[in-house]
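What follows is a single structure, written as structure tokens, with notes after it.
Values quoted throughout were computed directly from the atomic coordinates according to the rules given, and no laboratory measurement underlies them. Since this is a predicted model, take the numbers as computed values, not measurements. Here the Cβ is made from the backbone with ideal geometry for all residues, glycine too, and neighbour counts use every protein chain on show.
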Amino acid sequence: MPGAAPGAPAFPPVPRIDCEGALMLTAEQNGLLTQTDAGTPMGELMRRYWIPITIADRIVAGGAPLPIKILGEALVVFRSPSGEAGLMAESCPHRNASLALARNEDCGLRCLYHAWLVAPDGRVLETPPEPPEVNLSDKFKHPAYPCREAGGIVWAYLGREEAMPEFPEWIFEPYDDDKIYATNAFQDCNWLQGLEGDLDAQHGPYLHYTDDEAHTQDGLQNRANEYIHDQRPKVAAARRPWGLQTVFRYLHKDGKAATYWIHPFVMPFFTFFESNLLDTEGALMHAWVPATDESHWVWSVLFSESAMTDDYLEFVDRTRGYGMTDPANNWRVTAFTGEGVGYEQDRALMASGRSFSGIEGILQQDLAIQYSMGPVSDRTREHLTSGDIAIVQVRKYLLDTLAAVGDGEPAPGTKPGSQEGIVFEALTAEPDASMRELAAR
């Protein structure tokens, strides 16, 4: 079975932890949410979902396998000479040589060390130094995982075969591939810092404030993307079968109306927005896929109902920073220095009042803050407030989910049809519209 150690339990037992009324996490709770290696409760939960692995264009038919870490596993993703994507453990099952060096052949990856040939499904097809009568294909399987491609992304399922859910076709069905812009970046901190940043409604008018962003938002015909002027946004959240529905409210500059973002968190690490950048119509998907417990891949995938022009993509990269990554530095964003605070920051720009953070690009601003919290944020030291309700609720939801799945319940959103009707929308309404009713949509 994919990803399962012999004799390993289907899911590690998780004690139910009473966190009702508590705002801050204990060290035990923080560990449950942030540790994702195989055999950990969160790691086994995430392995019950289809996971984005890499940008499809990064692997070439018959080309070099790409080494990558996902959920603590050292893997290689590759494209066979005939074009199919594959994913398997990086270490050769013989003597642990890296299959990133392997020959990419019609039937699989052939290790350079002793020419063992490993099929995409993990069977060992050939062991040339051994006598012809030796057949290892029925003795064991190398860890290998089924792959799918959609939206310009290679996805894989790393869990047990009997728990494999349907592939989430609903994400991509409304859009042609040429109307999808998929990007990801490597980030040197735990995955939960990224997810919680996206569920933090309060930071946008501060961290993301620049004169240019305010000017862009003030000039939009569709006011549903205006958030930059409200420094005290409101938040609501409600549980759903697939995750948590959140609603953010931002008053407009004139105070006569407000933006409402209906913004779902979908298990295990996705969020969705309606996207109206430059008055286009579409959507934005984010995902935070753990690489190790101290690093992750942050995904930003834009969907558009109209063709993505060069001007639109230039605006996205310049103001959001989604495509501003360095392949030579494992696709970290180009603003990452790894020295001092870790990210480029223009103090003169801050002093001028034209940028609150002095960091260019919304993604880079988010990553700099999350990196500054350390490899794994110590949440026992926090002092949360009423504005952090979505963060508190997602933590409680995840802890309750770990306990429920440990008791034998299915992972949320994995039953057929359970992800139908997920609503994500940006709209303008009266400042006193019912956020509870919006969260119930």
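Using amide H atoms built in the peptide plane, which far-off residues or other-chain residues are under 5 Å from His252 H to H?
Under 5 Å from the amide H of His252: Ala257, Ala258, Thr259.
What's the Cα-based Rg to Rh of the stretch 115-257, Rh via Kirkwood? Could you put the intermediate results ahead of the total?
Working: Rg = 24.4 Å, Rh = 20.7 Å.
Radius of gyration over Kirkwood radius for the stretch 115-257 works out to 1.18.
What percent does the relative contact order of the chain come to when contacts are Cα pairs within less than 8 Å and at least six residues apart? Don't jump to the answer; show the numbers that get you there.
Numbers: 922 pairs, mean separation 86.8, N = 441.
Here the relative contact order equals 20 percent.
Cα centroids of the stretch 404-441 and the stretch 31-110: how far apart, whole angstrom?
32 Å
Could you identify which residue out of Asn135, Asn276, Asn225 has the top mean-square fluctuation in a GNM of the chain using Cα springs shorter than 10 Å?
Among Asn135, Asn276, Asn225, the largest GNM mean-square fluctuation belongs to Asn135.
Just rank Phe315, Phe172, Phe336, fewest to most, by other beta-carbon atoms within 10 angstrom. The partial results should precede the final answer.
Details: Phe315 14, Phe172 18, Phe336 21.
Fewest-to-most ranking of Phe315, Phe172, Phe336: Phe315, Phe172, Phe336.
Using the Cα atoms of the stretch 77-156 to build a convex hull, what is its mean projected area in square nanometres? Spell out each step's value before the answer.
On the way: hull surface 20.7 nm².
Approximately 5.2 nm², given one-decimal rounding.
Give the distance, in whole Å, between the Cα centre of the stretch 377-398 and the Cα centre of the stretch 232-273.
Centre-to-centre distance over Cα atoms comes out at 16 Å.
What is the magnitude of the charge dipole of the stretch 169-439 about its Cα centre, with +1 placed on the Cβ of each Lys and Arg, -1 on the Cβ of each Asp and Glu, and no other charges, expressed in debye to the nearest 20? Before the final figure, lay out the partial values.
Working: 20 positive and 43 negative charges, 198 e Å.
Charge dipole, the stretch 169-439, about its Cα centre: 960 debye, nearest 20.
Could you please rank Asp311, Asp200, placing first whichever residue has the fewest other Cβ atoms within 10 Å of its Cβ? If you can, show how the numbers build up before the last one.
Values: Asp311 9, Asp200 19.
Exposure proxy ranking, most exposed first: Asp311, Asp200.
Regarding the chain, what whole-number volume in Å³ per residue does the convex hull of its Cα atoms give?
Here the figure is 150 Å³ per residue.
For the chain, set up a GNM with springs between Cα atoms under 10 Å and report which of Ala115, Ala258, Ala236 has the largest fluctuation.
Ala115
Take the chain, connect every pair of alpha-carbon atoms lying under 10 Å apart with a spring to form a Gaussian network, then pick out the residue of Gly413, Gly219, Gly197 with the largest mean-square fluctuation.
Gly219
Taking neighbour counts of Cβ atoms within 10 Å as a proxy for exposure, in what order, fewest first, do Tyr181, Tyr260 appear? All intermediate terms of the calculation are to be shown ahead of the outcome.
Numbers: Tyr181 21, Tyr260 24.
Ranking Tyr181, Tyr260 by Cβ neighbours within 10 Å, fewest first, gives Tyr181, Tyr260.
Report, in listed order, any pair from Lys179/Lys415; Lys139/Lys415; Lys69/Lys179; Lys141/Lys179 with a Cα-Cα distance greater than 31 Å.
Lys139/Lys415; Lys141/Lys179, as the Cα separations exceed 31 Å there.
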